[in-house]
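The values are calculated or read from the model by the stated rules, or taken from the named source; none is laboratory data. A quick note: this is a predicted structure, and the numbers were derived from the prediction, not measured. Neighbour counts run over all protein chains shown; Cβ positions are idealised from the backbone, glycine included. All accessible areas refer to the heavy atoms of the entire protein, side chains included, with ligands and DNA or RNA removed. Shrake-Rupley method; radii C 1.70, N 1.55, O 1.52, S 1.80 Å.
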Amino acid sequence: MKNKFYITTPIYYVNDRPHIGHAYTTIAADVSARYHRTKGEDVIFLTGTDENSQKTVEGAKKSGEDVKTYADRLAAIWKSTWEALNIGNTDFIRTTEERHVKTVQEIWKRIWDNGDIYKGKYEGLYCKGHEAFMKEVDLVDGVCSDHKTKPEWIAEDNYFFKLKKYEKDLLKLYGDNPNFVTPEGRFHEVKSFVERGLEDISISREKQEWGIPVPNDNKHVIYVWFDALINYISAIGIDGWQKHPADVHAIGKDIIRFHAVIWPAMLMSAKLPLPKRIVTNGFFTIDGVKISKSLGNAIDPLDLAKKYGVDALRYFLLREIPYGEDGDFSEVKLKERYNADLANGLGNLVARVATLGEKVSPIKYNYTHPLHKLLKEAHEEYDYKISTFRFDEALEIGWKRIAQSDAALSVDQPWYKEGSERAEKILSRCIELVIITDLLEPFLPETAQKIKDQISYDRTNKVFHIKKTENLFPRK
Ligand code: MSP
């Protein structure tokens, strides 16, 4: 039986189009999904849209559309953006879909039956930007420092979830699973947060119309975060989750408490298995400035993809910013890396091998080359890096090989005049390129295909066919 691998991204709010920050999280998850697919695993890769938020209502109001029409239009934009960026998700969930609404209500009932939901009065602050309840200590001069808005004071009847009850179980979970959240520093913050003591949380809103109705009390809608987290189950069904919960939730650091504290507690209460790992990416700025709608600096990933190509964008994002850390995006750096690593590096190597090799193609080969062992070792190191989300280091391994191969090609230059010697030398470079292409495939799927079109190994007849075609990365 094939090994299963289930990975998710956050589901994104539909009050705006995707920007480069959202693309980063999604591309990282896609690389992981593609990697597991190359290992022959049966991959489920889920992304989608979080639509039951007040942000959707406000977005619709602004654009003068009916809420559902607006949500449909925006969800289609998210979907097509991921297609354009070559994201190989196997499903796309929208929280307005029937399959989700049903699952949320079912989970609510399970938690209710377990005695973990009660009615009470909520009085306090609510930040619409965060879609979260806030404390005075979270504010700077009474204002949410992320959204620069004053949270509203809410006083209403709410349903509460007994989060506090799960304090000990959560701490045990963290203790038993040292890799539950990565990077470690952020896991530490989560633990200290829980150690300081939890409070029960409000999980419904009384005065809203847009959202999933609370079962048996349709005067209330379910709090959007309580609903959103359950998407990970809705997509595969409660039975599916029971058999195989998510292996990885890939998220940004901003939503870690929801995923590492509230979500496991909800699952414990509903008596369902927990996700195995939560990996978090840092946040990046653009030319040193926070990405924000009001500043108008939210770069559209599609514009960059048009200019440099999808693969170059994917490569740059994962090479430039070590996964987990905060970083800075700049188009100047993108262009620099494009020219240095892709045009002069990989692109140039493939072009050289294809040009020289074409003249001696086909070349016979039967897996006896000493290079094989060496390259296998590179593969092992790479496997470790990529399965622990060290994408920049995984790419570094690939580029080290590219540089070595390029250097060997230059050293061997004098032999290229001799027919048989040339075939022998070119063979080594072809073997290397096949391995390099395997390594890079999850990051650069289109490029990998283009390399295979130029340098292909025919397994049945045990020969390399080499044919020079287009340059992979024309200089910018
Ligand atoms: N709808 C919630 C998530 C619910 S998941 C059950 C939400 N959506 S969001 O549209 O605001 O997307 C948040 C995610 O986008 C972040 O967690 C992060 O993965 C990504 N990013 C948004 N801005 C980013 C940066 N500036 N840098 C890196 N990632 C960024 O929160």
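Okay, here's what the table says:
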item: Accessible surface of the chain [probe 1.4 Å, protein heavy atoms]: carbon and sulfur percent; result: 51 percent
item: Pairs of alpha carbons in the stretch 301-352 whose separation is greater than 12 Å (percent); result: 65 percent
item: Whole-Hz ³J(HN,Hα) from phi, Karplus 6.51 cos²θ - 1.76 cosθ + 1.60, for the stretch 313-320, glycine and proline x; result: 5, 4, 4, 4, 4, 7, 7, 7
item: Tilt relative to the chain, helix 67-84 - C-alpha long axis, 0 to 90 degrees, to 10; result: 20 degrees
item: Euclidean distance between Cα centres, the stretch 329-361 to the stretch 163-236, Å; result: 46 Å
item: Potential lengthening between residue 216 and residue 4 on full extension [0.36 nm per residue; Cα-Cα distance subtracted]; result: 72.6 nm
item: Residue 326 versus residue 410: modelled label distance in nm, points set 7 Å from Cα along the beta carbon direction; result: 3.9 nm
item: Residues with amide H under 5 Å from that of residue 13, placed H, sequence gap 5 or more; result: 50
item: Long-range HN-HN contacts of residue 220 with modeled amide H, under 5 Å; result: 214
item: Those trypsin sites (Lys or Arg not before Pro) in the stretch 139-170 that DSSP places in a loop and that have at most 14 other beta carbons within 10 Å; result: 148
item: Compactness relative to 2.2 N^0.38 Å, alpha carbon Rg of the stretch 4-281; result: 0.97
item: Mean accessible surface per residue for the stretch 4-281, computed with a 1.4 Å probe while every protein chain stays in place, in Å²; result: 42 Å²
item: ³J(HN,Hα) computed for each position of the stretch 463-476 - Karplus, 6.51 cos²θ - 1.76 cosθ + 1.60, integer Hz, glycine/proline x; result: 9, 8, 10, 10, 8, 7, 10, 6, 6, 5, 9, x, 4, 10
item: Simple label model, 7 Å out from Cα along Cβ direction - residue 207 to residue 153, nm; result: 1.2 nm
item: Value of Rg/Rh across the stretch 104-255 [Cα atoms, Kirkwood radius]; result: 0.96
item: Nearby lysines by direct alpha-carbon distance to residue 119 (threshold 20 angstrom, same-chain neighbours under 8 apart not counted); result: 109, 162, 164, 165, 207, 219
item: Burial order of peptide ranges 77-88, 387-398 (average beta-carbon count within 10 Å, highest first); result: 387-398, 77-88
item: MRE, 222 nm, helices only [DSSP H, n ≥ 4, -39500 (n - 2.57), over the chain, to nearest 500]; result: -14000 deg cm²/dmol
item: Helix 348-358 axis, angle to the chain major axis (alpha carbon atoms, nearest 10°); result: 40 degrees
item: At 1.002 mPa s and 20 °C, Stokes D of the chain from Kirkwood alpha-carbon radius, µm² per second; result: 87 µm²/s
item: Amide H contacts of residue 281 (H built 1.01 Å from N, under 5 Å, at least 5 apart or other chain); result: 251, 252, 253
item: 0 to 90° range, to nearest 10: angle between helix 419-440 axis and the chain longest Cα axis; result: 0 degrees
item: Too-long pairs where the Cα-Cα distance tops 24 Å, listed order kept, from 4/168; 62/148; 385/468; result: 4/168; 385/468
